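**Student:** Submitted below is the structure of interest, expressed as structure tokens.
The values are calculated or read from the model by the stated rules, or taken from the named source; none is laboratory data. These numbers were taken from a predicted model, which means no experiment stands behind them. Counting neighbours? That spans all protein chains shown, and the Cβs are built from the backbone with ideal geometry, glycine included. Note: accessible area is taken over every heavy atom of the protein model, side chains too, but ligands, DNA and RNA are not part of it. Shrake-Rupley method; radii C 1.70, N 1.55, O 1.52, S 1.80 Å.
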Amino acid sequence: MPDPTPGSGVVALAGGVGGAKLAHGLQAQIGERLTVVVNTGDDLERHGLLVMPDHDTVMYTLAGIANRELGWGIEGETFAAAGMLERYGEPMWFRLGDRDLATHVTRTARLRSGAGLTDVCLGLQRSLGVPATILPMSDDPIRTDVRTDDGWLEFQDYFVGRHQEPEVHEVRFRGAESATAAPGVVDAIDAAATIVIAPSNPIVSVGPILAVTEILAALDRARGRGVRIVAVSGIVGGRALKGPADRMLASLGHESSALGVARIYADLATDFVLDDIDADLAPAIGALGLRTHVTDTIMSHDAARARLAAECLAWAAER
């Protein structure tokens, strides 16, 4: 669990591939001093097993076994089990690889034996040799739904099953209103020297984390005591590098730009990192009350991840 000593660690809020990449860079810089609070709104059940896409993407990335080309899943994955499930007539719109399946089998078995979600996740991370700590945002079930022209859809139905094609008109986080923060999350935020909001989808990756009242309150306390909260834009040149964030921002009435993302975080973050391509937006972002840092935010390889992470930490340290 995170070191409870005030000012001793860094907390990253993350979900998805962009969040995993920056978390990997942060881990390269500070190792076990990093705590990643990860979105669980994307979680779902498949074949009777709990699947945690965002947690597992971060875990596999920090363990060094993620599929580099896809950004998710495990490198060298095979799909023999999926093939057999398909022969048995199981719906296969969400395919699980054989090695990935082992994660879900182990996690579900341990949960059914009475262990808590956070403890189970930490055990999986230890088995894979992850130096950082990855905490689910809550042990309570929270599920992201999106409203489209076809009505309300569970997030993975929209994201994977329908290939992110329907236009999103509204988003909700079922269960968030009564959920509590997972063990260790508030302690990690209270002990943080710096907090980083990763370049994840601000609506459906970071949004569910902030929807947990205890977490948002802890972040507000951190800001109040002078902790720098550095948000990194996942929108570059008006486009999302991966996923539907740009289209989702537009359909929900936000501007699909680094400025649009900055407006979402303006009441929470103290600092904002945007890409060189969007340098002309820096004055408008600064007018929101955010210190701005313009740099290359494209994390195409490990060195780029580590460099961006180092810049975020150095920028936060400047007062």
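**Student:** With the chain treated as a Gaussian network of Cα nodes joined by springs under 10 Å, which of Leu274, Leu252, Leu219 yields the largest mean-square fluctuation?
**Tutor:** Leu252
**Student:** Which distance in nm do the two modelled labels at Leu216 and Arg239 give, with both placed 7 Å along the Cα-to-Cβ direction?
**Tutor:** Output for this residue pair reads 3.3 nm.
**Student:** Once Rh for segment 1-132 is found with the Kirkwood sum over Cα pairs, what is the Stokes-Einstein diffusion coefficient at 37 °C and 0.692 mPa s, in µm²/s?
**Tutor:** 211
**Student:** Given q = 0.07, 0.13, 0.14 Å⁻¹, what are the Debye log10 I(q)/I(0) values for the chain, with equal point scatterers placed on the Cα positions and solvent ignored?
**Tutor:** Each listed q corresponds, in turn, to -0.25, -0.91, -1.07.
**Student:** Which peptide among 75-86, 275-286 comes first, and what is the full order, when sorted by highest mean count of other Cβ atoms within 10 Å?
**Tutor:** 275-286, 75-86
**Student:** If I take every Cα pair under 8 Å that is 6 or more residues apart in segment 88-217, average their sequence separation and divide by the length, what percent do I get for the relative contact order?
**Tutor:** Value for segment 88-217: 22 percent.
**Student:** Of the DSSP beta bridges with both residues in the chain, give the percent that are antiparallel, rounding to the nearest 5.
**Tutor:** 35
**Student:** How much length is gained on full extension from Leu70 to Trp93, taking 0.36 nm per residue of separation minus their Cα-Cα distance?
**Tutor:** Between Leu70 and Trp93, full extension yields 6.6 nm more.
**Student:** Still on this structure: To check you understand DSSP bridge types, tell me what percent of the beta bridges within segment 211-296 (both residues inside) are antiparallel, rounded to 5.
**Tutor:** Taking every DSSP beta bridge with both residues in segment 211-296, the antiparallel ones total about 20 percent.
**Student:** Could you calculate the FRET efficiency of Ser300 with Ser127 from 1/(1 + (r/R0)^6), where r is the beta carbon distance between them and R0 is 30 Å, rounded to 0.05?
**Tutor:** 0.55
**Student:** In segment 1-150, what percent of the accessible surface is made up of carbon and sulfur (1.4 Å probe, ligands and nucleic acids excluded)?
**Tutor:** 50
**Student:** On to the next question. Could you tell me what percent of the DSSP beta bridges with both partners in segment 35-149 are antiparallel, to the nearest 5?
**Tutor:** Of all bridge pairs located within segment 35-149, approximately 50 percent are antiparallel.
**Student:** Another one. Mind checking the per residue accessible area of segment 157-248 for me, 1.4 Å probe, whole number of Å²?
**Tutor:** Dividing the accessible area of segment 157-248 by its residue count gives 38 Å².
**Student:** Once you wrap a convex hull around the alpha carbon atoms of segment 69-181, what is its projected area averaged over all directions, in nm²?
**Tutor:** Spelled out: convex hull of the Cα atoms, projected over all directions, averaged, 9.5 nm².
**Student:** Tell me, what is the percent relative contact order of the chain, built from C-alpha pairs under 8 Å that lie six or more residues apart?
**Tutor:** 21
**Student:** Which stretch or stretches of segment 74-90 have amide N atoms under 12 Å from the point lying 7 Å from Val105's Cα along the Cα→Cβ direction?
**Tutor:** Output list for this probe position: 80-82.
**Student:** Which whole number of Å³ per residue matches the convex hull of the alpha-carbon atoms in segment 235-319?
**Tutor:** Hull volume normalised by residue count: 92 Å³.
**Student:** Tally Lys and Arg at +1 and Asp and Glu at -1 over the other residues with C-beta under 13 Å from the C-beta of Ala262: what net charge comes out?
**Tutor:** So the surrounding residues net to -3.
**Student:** Given a Förster distance of 35 Å, report the FRET efficiency between Asp119 and Asp280 from their Cβ-Cβ distance, rounded to the nearest 0.05.
**Tutor:** Calculated transfer efficiency: 0.15.
**Student:** Between Ala250 and Met84, what is the label-to-label distance in nm when each label sits 7 Å out along the Cα-to-Cβ direction?
**Tutor:** My value for the distance between the label points is 4.5 nm.
**Student:** Something else now. Can you give the FRET efficiency to the nearest 0.05 for Ala314 and Val160, using r as the Cβ-Cβ distance and R₀ = 41 Å?
**Tutor:** It comes to 0.65.
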